[in-house]
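The values are calculated or read from the model by the stated rules, or taken from the named source; none is laboratory data. Everything numeric in this text was worked out from a predicted model, so none of it was measured. Ideal geometry is used to build each Cβ from the backbone, glycine not excepted, and the neighbour counts take in all protein chains shown. Ligands, DNA and RNA are stripped out before the accessible areas are found, and what is left, the full protein with its side chains, is counted by its heavy atoms. Shrake-Rupley method; radii C 1.70, N 1.55, O 1.52, S 1.80 Å.
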Amino acid sequence: MFAFLPLILSACVATSAPPSDNAVLAIGDSVMAWNGGQGIPEAVQATLGRPVVDQAQSLAHLTNPNGTAGALGFGISRQYRGGDWDWVILTGGGNDLRGACRTPDEAGILNGLIGPGLTGDIPTLIARIRANGSMVAFIGYYDGARGAATGFTPCQGAFDIINARMTRLAAQDAGLLFFDAGNVVDAGDRGLYAPDLIHPSPRGSAIIGQALAQRMAAFE
């Protein structure tokens, strides 16, 4: 079992060296990472015609207190190691909230991610990226498939609050694009969802990635 650890580590180590001067870095959780070579980053790459390096990991948190998990890429803030990236695209927050939504713990976790004063882990990470000159595209979560309850269904209200706060944050920064994936994912079309009805299907990833890339190109 331990013989595979170096391979896992090498696969998850974040890079700070863009392959070109117009490269894009993708970081985040399973919404970004799902579908492997048919994921959101790959759709962005195909649409923009620019290299996209994907460092996203399923199960990743914005804040992860476990040092080993963070080193393996499961802390989204640690997936970003600096570098002269043209864009950094990211998702995150769902795994931090899962299990706490509609409980007394929800407000504290939500405000720790991004509070009503637009402070928290998400704005801090974005400010760190922006300080290196990269533009940032934050992908807001879409609704779950209509009529299907999942472990994230109780979190939809919290996700809506994050999206509203991110819209306000983006209005204050000319280098920050907020992209609401709910505008392109039809909750009534289950073909856009993976079998778990949480993550995007390959078609769903393609639709999100293509629309995001078009917004990025227009944003420039």
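Annotations for the structure displayed:
- With contributions of -39500 (n - 2.57) from each DSSP H run of at least four residues, the per-residue ellipticity at 222 nm computed over the chain stands at -10500 deg cm²/dmol.
- Residue of G28, G204, G112 that the Gaussian network model of the chain assigns the largest fluctuation, springs spanning Cα pairs under 10 Å: G112
- Gain in span if fully extended, A127 to R215, counting 0.36 nm per residue against the direct Cα distance: 29.6 nm
- Using a probe of 1.4 Å on the protein chains alone, the accessible area found for S58 is around 40 Å².
- Label-reachable residues, the range 15-39, where backbone N falls under 13 Å from a point 7 Å from D84's Cα toward its Cβ: 17-23
- DSSP bridge pairs, the chain: antiparallel proportion in percent, nearest 5: 5
- Rotationally averaged projected area of the range 101-220 (alpha carbon convex hull; nm²): 7.8
- Average Cα contact separation per residue, the chain, under 8 Å, 6 or more apart, as relative contact order %: 22
- Residues in the range 190-219 that a label on Q156 would reach, taking backbone N under 13 Å of a point 7 Å out along Cα→Cβ: 198
- The label-point distance for T103 and L118, in a model that sets each label 7 Å from Cα toward Cβ, rounds to 3.1 nm.
- Calculated log₁₀ intensity ratio I(q)/I(0) where the Debye formula runs over C-alpha points of the chain, q = 0.18 Å⁻¹: -1.43
- Solvent-accessible area, 1.4 Å probe, carbon plus sulfur percent, for the chain: 56
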